[in-house]
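Note sheet for the following structure.
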Amino acid sequence: MNLQADVCIVGGGPAGTLLGHLLAKNGVSTIIIERSAGVNRQFRGEHINAETEAILKEHQLFERIEELGILKMKKVEYFAGRNIVNSITPKNHEDHVGIHVPQAHLLTAIIEESEENNNFQLLFNTTVKELIQDDQGFYTGVKAIKNGEEISISSKVTIGADGRYSTVRKLAKIPTIELTHGYDVLWAKIPAPAGWEPTTRMALVNGHQLALFSQTGGFIQIGWNIAEGSFPTLRKGSIQPFLEPLIESFPELEDSVNEHLLSWNDFVCLKVQSSRCETWVEDGLILIGDAAHTMTPTGAIGINCGMKDAHILAPILTELLIENKIKSEHLKIFEMNRRNEIKTQQIMQVKQETSLLEKFA
Ligand SMILES: Cc1cc2nc3c(=O)[nH]c(=O)nc-3n(C[C@H](O)[C@H](O)[C@H](O)COP(=O)(O)OP(=O)(O)OC[C@H]3O[C@@H](n4cnc5c(N)ncnc54)[C@H](O)[C@@H]3O)c2cc1C
């Protein structure tokens, strides 16, 4: 099968799907290829900040996402033992500090809003294998495997929106510097007890941050920092002593923890790293979201950064395609627009990580 579009986006996560929607709305024919079978993702960034909320409202996407189900956070609280020692409350007449949006709801709403648009095509179960280049090395599309069969997509511009382990980035041999941060995160999800307020709760356990994120549908996502690389050793021991400080800090969770965290298999370990690519663009090729700049979990900004990339890139790329200016020197305008902000946010994450103890003082 040979397909053709102005833009081929590899990766139907938050950044790729939003970009596809916005480009199609601007009249740019767009094909997104996504290796998953649908919109369900396990343990991904699901908290959006006020800026992303405004972006989604600007593009008339927020209302549908809200209908599918979101949860507005009332505040962020920092616990020392059982005492709240610090809290962040809503600013400027707002009634919430961030919103939990399941990625399935976010992606479903964006896809539904794009369905009527003939410029928008999304292929699930489709994994990129190869980038196509012309004689001058200009990227002109991709080869992919869809349900076991090879397909080719010719495009004027290829977008790598395929996340932190980006295949597109690797195939294009774009160098990236990966930084570790001295910790990894264990994620788990448990049902919230009755009366659990939708608040983000942070505690310090043996010098490591334990975060409890309230989630839509009556769940709590646990994000527990552990020393980098320590999970294999940790999981050789019993899980009970590990869970004790969680129950001590939040006794109201005892039943849910005992019922749902029975073994280490109930946790997923995320290797924490941030990354910076040397360049985000080549002739006919752009990287966005985690593929261009993986963020650490600090401040839960990864999904927000990726969606802002899409919001900023869509009008720039639409204009450049009209003018047929798609060499790296032209596409660089997008990178210049975003790179400094991302760098500042990565520096801020490191500062927050090193001054963690102050928040609990
Ligand atoms: C386990 C985990 C937990 C996380 N927790 C948090 C958190 O709590 N808070 C937070 O802010 N951020 C978190 N993040 C980061 C956050 O999810 C990302 O920053 C955000 O999803 C970035 O969006 P994206 O669209 O750039 O990439 P992704 O969401 O990673 O989307 C990339 C998409 O590309 C697809 N794909 C990958 N390879 C291919 C291929 N070869 N061919 C076709 N498709 C492909 C993937 O299936 C995926 O749908 C977490 C990330 C992970 C991996």
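The values are calculated or read from the model by the stated rules, or taken from the named source; none is laboratory data. Since this is a predicted model, take the numbers as computed values, not measurements. For neighbour counting, all protein chains shown are included, and Cβ atoms are generated from backbone atoms with ideal geometry for every residue, glycine included.
The figures follow:
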| item | result |
| --- | --- |
| Some residue of region 141-148 being farther than 22 Å from LYS327 by Cα, basic (Lys, Arg) and not assigned by TED's automatic domain parsing to the domain that holds GLU252 | yes |
| Counted residues, region 211-226 - those being within 16 Å of the ligand (Cβ to nearest atom), part of a loop (DSSP other than H, G, I, E, B) and over 14 Å from HIS47 (Cα atoms) | 0 |
| In region 227-279, residue farthest from the ligand (Cβ to nearest atom) [restricted to those that are among the aromatic types (Phe, Trp, Tyr) and under 27 Å from the mean Cα position of the chain (by Cα)] | TRP264 |
| Conditions (1) within 12 Å of the ligand (Cβ to nearest atom); (2) out of contact with any His (no Cβ under 8 Å at 6 or more places or on another chain); (3) assigned to a helix (DSSP H, G or I); (4) aliphatic (A, V, I, L, M); number of the one not met by MET295 | (3) |
| Top-ranked residue of region 9-39 - restricted to ones that are within 10 Å of the ligand (Cβ to nearest atom) and of a type in the set (S, T, N, Q), ranked as farthest from the chain's Cα centre (by Cα) | SER36 |
| Top-ranked residue in region 178-210 [being outside any loop (DSSP other than H, G, I, E, B) and among the small types (Gly, Ala, Ser); ranked as farthest from the chain's Cα centre (by Cα)] | ALA203 |
| Qualifying position, being farther than 18 Å from ILE177 by Cβ and either in the same structural domain as ILE222 (by TED's automatic domain parsing) or outside any helix (DSSP H, G or I) (or both), among LYS351, LYS332, LYS325 | LYS325 |
| From the options LYS325, LYS359, LYS271, residue that is out of contact with any His (no Cβ under 6 Å at 6 or more places or on another chain), free of Cβ contacts under 8 Å to residues at least 12 places away in the same chain and either at positive phi or basic (Lys, Arg) (or both) | LYS325 |
| Criterion: assigned to a helix (DSSP H, G or I) and either in the same structural domain as THR167 (by TED's automatic domain parsing) or closer than 28 Å to LYS170 by Cβ (or both) - qualifying residue of PRO241, PRO232, PRO245 | PRO232 |
| Conditions (1) buried (at least 19 other Cβ atoms within 10 Å of the Cβ); (2) within 15 Å of the chain's Cα centre (by Cα); (3) under 30 Å from GLU130 (Cα atoms): number failed by THR52 | (3) |
| Any hit, region 153-172, residues being farther than 17 Å from GLY45 by Cα, in contact with a helix residue (DSSP H, G or I) (Cβ under 9 Å, 6 or more places away or on another chain) and aromatic (Phe, Trp, Tyr) | no |
| Residue list for region 70-88, filter: over 24 Å from the mean Cα position of the chain (by Cα) and among the β-branched types (Val, Ile, Thr) | ILE84, VAL85 |
| Conditions (1) in contact (Cβ under 8 Å) with a residue 24 or more places away in the chain; (2) surrounded by 15 or more Cβ atoms within 10 Å (Cβ to Cβ); number of the one not met by GLU252 | (2) |
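Quick grid of which residues meet (1) surrounded by 13 or more Cβ atoms within 10 Å (Cβ to Cβ); (2) closer than 15 Å to VAL28 by Cα:
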residue: ILE303; (1), (2): yes, no
residue: LYS308; (1), (2): yes, no
residue: ILE316; (1), (2): yes, yes
residue: LYS327; (1), (2): yes, no
residue: ASN337; (1), (2): yes, no
residue: ILE347; (1), (2): no, no
residue: GLU353; (1), (2): yes, no
